[in-house]
Amino acid sequence: MGTPIDTFAGLRRRLHQIPEPGFQEYKTQKLLLDYLSGLPQDRLEIRTWRTGVLVKVKGTDPKRTFGYRADMDGLPIEEETSYEFRSVHPGFMHACGHDMHMAIGLGIVTRFAEQPMADDLVVIFQPAEEGPGGAQPMLESAELQDWMPDQIAALHIAPEYEVGTIAVRPGILFADTSELFIDLVGKGGHAAYPHKANDMVVASAHLLVQLQSIVSRSVDPLHSAVITVGKIESGVRQNVIAEKARLEGTIRTLSAETMDSVKKRIEAVVRGIETSFECKAAIDYGALYRQVYNDERLTSEFMDWLRAAGTANLRECDAAMTGEDFGYFLEKIPGFMFWLGVESDYGLHHAKIEPDERAIPVALDTVEGYFRWKSESLRTAGRESS
């Protein structure tokens with residue numbers, strides 16, 4: 001009969017209440033493990049890596065391994081939804097849909113545990129997608145190296161698309177992404193004697209404006225790039241000239257070459273600020289996420305299958321400046337990521353985002369159906385070639 005679909009909406013709500021920072025997903029990991037322990041165990045193998053979880057569902061006659069990845073961590077955002085099941089962790093929220101991603105991942109494990117396919121399936125619950133980046137070290141772990149899939153898929157919720165819609169494209173889907181942290185150190189002083197100090201509030205303001213000129217004046221208009229400064233910290237009170245300032249932001253491009261070019265311009269601009277304001281500056285690029293580049297053959301094949309299967313309405317989308325460390329997986333393993341429509345009035349990383357849970361069965365039917373079809377089609381092709 002199978003597990004009722006409401007089970008996974010319920011799991012999503014429980015996960016939504018306990019968002020945790022990257023590599024601190026202890027409650028989340030325990031919830032995942034507790035649920036998995038209640039499934040039929042005859043074909044399951046479960047491993048942990050740091051705060052992540054890996055689950056292998058053994059096939060009936062395995063010749064290859066399919067992979068599916070779901071991310072786990074929350075964001076440092078104070079929730080403002082209308083939910084009765086709001087976050088119980090002050091200052092943290094699942095505002096990027098990772099609660100949905102995990103619930104769907106558990107649903108995929110459940111369906112294949114209850115009715116296995118011929119080939120093996122590895123479902124990867126990855127910590128620290130939002131930062132500091134869990135994909136790359138997880139790929140290098142002994143736990144995953146031993147279970148490395150031959151092909152992998154993942155999804156990301158999309159508030160802008162209707163429930164029942166899946167959006168995807170061959171080739172680049174998400175941008176190269178780098179964090180950006182710039183620290184300025186000058187000389188503090190009394191507000192009445194600005195000539196005796198080097199004001200880092202003013203320096204940071206000039207730096208912010210100059211950073212915004214890089215994309216408009218130093219990047220080829222045909223080569224997309226974004227520099228966003230989302231946070232500035234400086235000063236201690238209104239009548240004290242600030243000695244320090246810190247700018248925190250992100251860089252996004254659609255090619256590695258453009259990323260390198262933008263960083264060189266940032267460094268040149270910062271050197272100019274040092275000279276102009278007689279201060280010291282330090283740049284830290286933090287975590288760098290590879291672009292999500294969908295394998296063109298597998299993605300086209302998935303799109304053709306989806307049109308025929310009809311589990312969702314297919315939409316071929318444009319590339320987005322979104323960042324996702326699933327790009328590291330796609331550097332090592334052929335596969336693809338797709339957008340799952342959840343139609344919310346508010347976007348990703350917004351304190352009021354409320355994804356529509358009716359998207360969960362759409363995702364489950366699509367992922368399960370595709371993997372089963374792919375497993376059988378490869379076997380059919382093998383029988384025909386022999």
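The values are calculated or read from the model by the stated rules, or taken from the named source; none is laboratory data. Keep in mind the model is a prediction, meaning the values are calculated, not measured. With ideal geometry, Cβ positions are generated from the backbone for all residues, glycine too; neighbour counts draw on all protein chains shown. Ligands, DNA and RNA are stripped out before the accessible areas are found, and what is left, the full protein with its side chains, is counted by its heavy atoms. Shrake-Rupley method; radii C 1.70, N 1.55, O 1.52, S 1.80 Å.
In table form, for the structure just shown:
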quantity: Viscosity 1.002 mPa s, temperature 20 °C, Stokes-Einstein D of region 252-377 from Kirkwood C-alpha radius, µm²/s; calculated: 118 µm²/s
quantity: Cα lying deepest toward the dipole's positive end in the chain, options 259, 39, 344, charges on Cβ; calculated: 259
quantity: For mean projected area of the Cα convex hull in nm², calculated from these coordinates, the label among [x] 18.8; [y] 25.5; [z] 21.4; calculated: [z]
quantity: Inter-site label distance for residue 160 and residue 264 at 7 Å from Cα along Cβ, in nm; calculated: 3.1 nm
quantity: Qualifying lysines (Cα of each under 29 Å from Cα of residue 264; at least 8 residues distant if same chain); calculated: 187, 231, 244, 280, 332
quantity: Pair-distance profile P(r), taking every C-alpha pair of region 1-68, with 5 angstrom steps and integer %; calculated: 3, 13, 21, 23, 21, 12, 6, 2
quantity: Accessible solvent surface per residue of region 117-270, calculated while the other protein chains remain in place, 1.4 angstrom probe, Å²; calculated: 43 Å²
quantity: Label point at residue 238 placed 7 Å out along Cα→Cβ; residues across region 186-213 whose backbone nitrogen lies under 17 Å; calculated: 190-193
quantity: Distance histogram for region 1-144 (every C-alpha pair counted, 10 angstrom bins, percent rounded to whole numbers); calculated: 12, 43, 32, 12, 1
quantity: Span from the region 7-57 Cα centroid across to the region 257-284 one, whole angstrom; calculated: 43 Å
quantity: The chain: angle of helix 359-385 to the longest principal axis, Cα-based, in degrees nearest 10; calculated: 60 degrees
quantity: Nearest-ten-degree value, helix 98-114 long axis tilted from longest Cα axis of the chain; calculated: 20 degrees
quantity: Among 8, 97, 250 the positive-end extreme of the charge dipole of the chain (Cβ point charges); calculated: 250
quantity: By accessible area with a 1.4 Å probe, ligands and nucleic acids excluded, highest first: order of 68, 289; calculated: 289, 68
quantity: Spacing of the two label points (7 Å from each Cα toward its C-beta) at residue 190 and residue 226, in nm; calculated: 4.6 nm
quantity: Cβ-based charge dipole, the chain, positive-most Cα from 136, 362, 53; calculated: 136
quantity: Packing-based order for 101-111, 209-219, 162-172, using average beta carbon neighbours within 10 Å, highest first; calculated: 101-111, 162-172, 209-219
quantity: Gain in span if fully extended, residue 26 to residue 63, counting 0.36 nm per residue against the direct Cα distance; calculated: 9.9 nm
quantity: Test item: Cα-centred dipole of the chain, Lys/Arg +1 and Asp/Glu -1 on Cβ, debye; calculated: 540 debye
quantity: Stokes-Einstein D (µm²/s) once Rh is taken as the Kirkwood radius of region 144-241 over alpha-carbon pairs, at 20 °C in 1.002 mPa s; calculated: 114 µm²/s
quantity: FRET efficiency, residue 46 to residue 345 (Cβ-Cβ, R0 51 Å, nearest 0.05); calculated: 0.85
quantity: Two-decimal ratio, region 116-167, of alpha-carbon radius of gyration to 2.2 N^0.38 Å; calculated: 1.46
quantity: Rounded FRET efficiency, nearest 0.05, which uses the C-beta distance separating residue 284 from residue 7 and R0 of 45 Å; calculated: 0.55
quantity: When region 286-331 is reduced to its Cα atoms, the Kirkwood hydrodynamic radius in Å; calculated: 12.3 Å
quantity: In degrees, nearest ten, helix 296-309 long axis to first principal axis of the chain (Cα); calculated: 50 degrees
quantity: Protection-proxy order for peptides 149-156, 256-263, 121-128, each taking the mean of Cβ atoms within 10 Å per residue, highest first; calculated: 121-128, 149-156, 256-263
quantity: At R0 = 35 Å, FRET efficiency that the Cβ-Cβ distance of residue 256 and residue 381 yields, to 0.05; calculated: 0.50
